[in-house]
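Have a look at the structure below, then the notes.
The values are calculated or read from the model by the stated rules, or taken from the named source; none is laboratory data. Quick caveat: nothing in here was measured; it's all calculated off a predicted structure. Here the Cβ positions follow ideal geometry from the backbone for every residue, glycine too, while neighbour counts run over all protein chains shown. Just so you know, the surface numbers come from the protein's heavy atoms only, side chains and all, with ligands and any DNA or RNA stripped out. Shrake-Rupley method; radii C 1.70, N 1.55, O 1.52, S 1.80 Å.
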Amino acid sequence: MDYTENTEICHCKHVTLADIDNALYSSSRLSDVEAEFRQVQQMTQCSTGCGKCHDKIMGIISERLSG
């Protein structure tokens, strides 16, 4: 799915694609999807509300890590 940087991915916490990208790029390792998800979650609080965005966020992180 195509998202723009302003697309809200986590509606509960109002986290956008740009917020996720910023959290990812501030990480020094970018290696493991689960570890990166925890880092993004810690930094943005995404997927701590209803959790419906979990799969979208995991997909975005996987896509970013694979290049």
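Out of everything in the stretch 20-33 that is modelled with pLDDT under 90 and part of a helix (DSSP H, G or I), what residue ends up being surrounded by the most Cβ atoms within 10 Å (Cβ to Cβ)?
Leu24
Need pairs with beta-carbon distance below 6 Å; first residue part of a helix (DSSP H, G or I) and within the stretch 41-60, second open to solvent by 50 Å² or more (accessible area, probe 1.4 Å) and not aliphatic (A, V, I, L, M); sequence gap 6+ or separate chains.
From residues that are part of a helix (DSSP H, G or I), the pairs are Thr44/Asp19.
Of the residues that sit in the stretch 16-40 and are touching a residue at least 40 places away in the same chain (Cβ under 8 Å) and of a type in the set (A, V, I, L, M), which one is farthest from Leu65 (Cα to Cα)?
The residue in question is Leu17.
Test each condition in (1) open to solvent by less than 80 Å² (accessible area, probe 1.4 Å); (2) modelled with pLDDT under 95 for Leu17 and report the one that comes out false.
Result: Leu17 passes all but (2).
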